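Structure first, then comments.
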Amino acid sequence: MLETEASRERWSVRFALIAVVISLGALLVTFLQLKSSDQAVQVAEHARQDAVTEADRQRIDAKNTLDQQRKDAAAALEAQTKRADRANTLSDRSAKAAQQSASTAVAQLETTDRPWIKAVPQAWSPLTFQNNGDLSFNVTFALSNVGRSIATDVTIYSGVFVPAWEGAAHFRQPLERQTALCNKVQPAGLMFALFPGETKQLTVGVAISREEMEKNAVPPPPGIPNPPTEKRTDPMLFGCVDYRIASLPKHHQTGFIYDIVRTDLKTPNVPYLIIVGQDLPATNVSLERWMFGGDYAN
């Protein structure tokens with residue numbers, strides 16, 4: 001019985017030792033697993049850090065490459081712009097030189113070889129007052145080219161008006177009317193060419209209202225007994241001949257201003273003034289160049 005009890009105790013001790021050994025083995029295995037897991041985590045962390053480092057390096061490399069490409073593109077654009085600027089500068093210089101040469105040639109032509117048109121009134125119609133009192137009048141000009149080259153697109157502008165009788169307006173208004181008319185430079189009506197030494201005639205018609213003639217009528221001289229009751233006026237014919245030099249776009253003009261006067265010396269008081277409403281034959285009408293200027297050629 002004692003042997004049996006002792007045997008049991010021995011087996012219990014054995015089982016306990018086996019259990020301890022098993023537990024220690026399990027503990028060792030767990031330790032080894034934990035250590036292996038920790039190493040795996042460390043390896044993964046190192047791999048992650050390496051990946052992050054590589055990504056940062058690649059990002060920096062890409063940024064540096066992009067910056068370099070931008071610098072290269074900017075440098076290439078600047079170089080191309082400088083080349084274009086140099087080319088434009090050379091082109092501008094060439095264009096300016098060509099333009100200057102052309103301008104010099106045109107100026108030389110206009111100075112030495114250009115046409116010059118001379119306009120001289122040769123004939124005119126009677127002064128005829130219409131039923132409404134308006135005055136109509138025709139003038140035939142002899143247009144002569146006294147220059148050295150052909151004149152093209154030759155035409156004439158003309159008009160008639162009565163300036164204020166007194167003050168500065170009497171001297172200023174004819175020039176103002178002439179300038180306003182001739183600055184239009186819009187050829188109308190008959191246009192033709194004139195060769196050097198050639199003369200052609202051109203008839204133009206003008207008209208003026210009775211109202212305008214009476215508005216600036218000349219008052220009778222003071223102190224004259226029994227002054228005339230008729231309205232007397234001093235109409236003026238003005239205008240210019242417009243033409244060009246061959247195919248050049250610039251227009252040239254010959255201007256003129258004439259007083260339309262009567263030559264009937266039997267008219268009392270002021271014989272040269274036109275009586276409003278009284279017709280005159282052409283033999284009693286004359287065109288006198290305006291004494292204060294207005295004739296020009298350019």
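The values are calculated or read from the model by the stated rules, or taken from the named source; none is laboratory data. As the structure is a prediction and not an experimental result, all values here were calculated from the model. Note that we place each Cβ from the backbone using ideal geometry, even for glycine, and neighbour counts take in every protein chain shown. Heads up: the accessible areas ignore ligands, DNA and RNA and are worked out on the full protein's heavy atoms, side chains in. Shrake-Rupley method; radii C 1.70, N 1.55, O 1.52, S 1.80 Å.
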All conditions in (1) outside any strand (DSSP E or B); (2) surrounded by 15 or more Cβ atoms within 10 Å (Cβ to Cβ); (3) at pLDDT below 90 are true of GLU212 except (3)
Assess whether ALA142 counts as being closer than 20 Å to ASP259 by Cα and modelled with pLDDT under 90. no
Is region 140-156 home to any residue that is closer than 21 Å to SER209 by Cα and open to solvent by less than 30 Å² (accessible area, probe 1.4 Å)? no
Just give me the residues in region 221-244 being of a type outside the set (A, V, I, L, M, F, W, C), assigned to a strand (DSSP E or B), open to solvent by less than 20 Å² (accessible area, probe 1.4 Å) and closer than 27 Å to ASN183 by Cβ, in sequence order. THR233, GLY239, ASP242, TYR243
With respect to ALA74, is the statement that it is at pLDDT below 70 and surrounded by 10 or more Cβ atoms within 10 Å (Cβ to Cβ) true? no
If only one of PRO163, PRO121 is open to solvent by less than 60 Å² (accessible area, probe 1.4 Å) and assigned to a loop (DSSP other than H, G, I, E, B), which one is it? PRO163
Checking VAL218 against (1) modelled with pLDDT under 85; (2) open to solvent by less than 40 Å² (accessible area, probe 1.4 Å): exactly one of these is not met. Which one? (1)
Can you find even one residue in region 181-202 that is surrounded by 18 or more Cβ atoms within 10 Å (Cβ to Cβ), over 21 Å from TRP290 (Cα atoms) and of a type in the set (D, E, K, R)? no
Suppose we filter region 130-160 for residues that are within 28 Å of GLN173 (Cα to Cα), assigned to a loop (DSSP other than H, G, I, E, B) and in contact (Cβ under 8 Å) with a residue 12 or more places away in the chain; how many remain? 3
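Here's the yes/no breakdown for (1) aromatic (Phe, Trp, Tyr); (2) touching a Lys or Arg at 6+ places or on another chain (Cβ under 6 Å); (3) at pLDDT 70 or above; (4) surrounded by 10 or more Cβ atoms within 10 Å (Cβ to Cβ):
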residue: GLU3; (1), (2), (3), (4): no, no, no, no
residue: SER7; (1), (2), (3), (4): no, no, yes, yes
residue: LEU17; (1), (2), (3), (4): no, no, yes, yes
residue: LEU32; (1), (2), (3), (4): no, no, yes, yes
residue: ALA40; (1), (2), (3), (4): no, no, no, yes
residue: GLU45; (1), (2), (3), (4): no, no, yes, yes
Let me spell it out: the conditions are (1) of a type in the set (Gly, Ala, Ser); (2) free of Cβ contacts under 8 Å to residues at least 24 places away in the same chain; (3) over 25 Å from SER286 (Cβ atoms), and ALA169 meets all of them except one. Which number is the exception? (3)
